[in-house]
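Each remark here refers to the structure printed beneath this line.
The values are calculated or read from the model by the stated rules, or taken from the named source; none is laboratory data. Only a predicted model underlies this, so the values are computations on that prediction, with no experimental measurement involved. Here the Cβ is made from the backbone with ideal geometry for all residues, glycine too, and neighbour counts use every protein chain on show.
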Amino acid sequence: MKKCARRAVIAGNWKMNMTPSTTVKAVEDTVKLTAGADCDVVLCVPFVDIVPAVKAAEGSHVKIGAQNVHYEAKGAFTGEISADMLKEVGAEYVIIGHSERRQYFGETDTTVNLRTKAALDAGLKVILCVGELLEERKSGVTAEIISMQTKLDLAYVPADELKNVIIAYEPVWAIGTGLTATAEQADEACGIIRGVIETLYSKEAAEAITIQYGGSMNDGNAAELLEKVNVDGGLIGGASLVPEKFAKIVEAASK
Ligand code: 13P
């Protein structure tokens, strides 16, 4: 399967932005402005915004996701959200292992793996984030780091679940910094991840899986990044908060 056989996925990660009231207009605008999309369009929103976002996107091509999920089904886990809870309110996707969760909230590859399995078991689609720190890139261990994360995070995920997994390559140094990986760096890293999938699963699985780039992707640089053979879409932070900008990225992915 060539890149052209993989459908691009452009996902917004709103992070801790928007309230239920501002969500409605932002989703409605995104739906309208991306009406011509020839790629999958997803918005991953804060937990309390999921219900209004699902309602505002109802019947449209825009799908709604969450930004984290706990791995237990229920119980004494104050402040956490289960996969079934997300499903019931209409979330279809969930971001897992974002570097901000790893950096600020003690997320490890072990918990990322547990969350990934729980989300897949519940029927959610997972956007699994991996990526190296600046020191790691400078030390020349990018390939080792992203390979290790991919292997550990997907441990015991069976081949038939892989169709519900998107991997987002997000170099930590490029997130929210305005620094973007060059298209060549993004392509190389996404290619390394694809190679790991081939080793873990099969050539077919590697050719079929969607691998996004994330890290200061915007309406100005998206086309160049998305043109690369291994880059199948984007996970967009800041620019996803501005529907006009996000729509331009969707347009670039639809060409
Ligand atoms: P920015 O696009 O704001 O750099 O954020 C990227 C990101 O973290 C998406 O998950």
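Values for this structure:
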{"quantity": "Within the range 20-43, considering residues that are among the hydroxyl-bearing types (Ser, Thr, Tyr) and in contact with a helix residue (DSSP H, G or I) (Cβ under 7 Å, 6 or more places away or on another chain), the one nearest to the ligand (Cβ to nearest atom)", "calculated": "THR30"}
{"quantity": "Residue that is outside any helix (DSSP H, G or I), of a type in the set (Gly, Ala, Ser), surrounded by fewer than 21 Cβ atoms within 10 Å (Cβ to Cβ) and without any contact (Cβ under 8 Å) to a residue 12 or more places away in the chain, where the choices are GLY123, GLY140", "calculated": "GLY140"}
{"quantity": "Residue that is nearest to VAL157 (Cα to Cα), among those in the range 171-214 that are polar (S, T, N, Q) and assigned to a helix (DSSP H, G or I)", "calculated": "THR199"}
{"quantity": "Check on VAL51, buried (at least 19 other Cβ atoms within 10 Å of the Cβ) and in a helix (DSSP H, G or I)", "calculated": "no"}
{"quantity": "Hey, VAL242 over 16 Å from SER99 (Cβ atoms), away from the ligand (no atom under 14 Å from the Cβ) and either within 17 Å of the chain's Cα centre (by Cα) or of a type in the set (A, V, I, L, M) (or both) or not", "calculated": "no"}
{"quantity": "Residue among ASP153, ASP160 that is modelled with pLDDT of 95 or more, over 23 Å from LYS228 (Cα atoms), within 15 Å of the chain's Cα centre (by Cα) and not hydroxyl-bearing (Ser, Thr, Tyr)", "calculated": "ASP153"}
{"quantity": "Checking VAL229 against (1) surrounded by 19 or more Cβ atoms within 10 Å (Cβ to Cβ); (2) assigned to a loop (DSSP other than H, G, I, E, B); (3) modelled with pLDDT of 95 or more, the condition it does not meet", "calculated": "(1)"}
{"quantity": "Candidates GLY220, GLY214 - the one that is within 15 Å of the ligand (Cβ to nearest atom) and within 15 Å of the chain's Cα centre (by Cα)", "calculated": "GLY214"}
{"quantity": "Those residues of the range 7-39 which are within 18 Å of ALA223 (Cβ to Cβ) and crowded, with 17+ Cβ neighbours inside 10 Å, in sequence order", "calculated": "ALA8, VAL9, ILE10, ALA11, GLY12, LEU33, THR34, ALA37, CYS39"}
{"quantity": "The range 157-184 - residue that is surrounded by fewer than 19 Cβ atoms within 10 Å (Cβ to Cβ) and closer than 23 Å to ARG137 by Cα and, of those, nearest to the ligand (Cβ to nearest atom)", "calculated": "GLY176"}
{"quantity": "The range 78-101, subset part of a loop (DSSP other than H, G, I, E, B) and surrounded by fewer than 24 Cβ atoms within 10 Å (Cβ to Cβ), residue farthest from the chain's Cα centre (by Cα)", "calculated": "THR78"}
{"quantity": "Counted residues, the range 98-108 - those being within 19 Å of GLN212 (Cβ to Cβ) and either polar (S, T, N, Q) or away from the ligand (no atom under 14 Å from the Cβ) (or both)", "calculated": "1"}
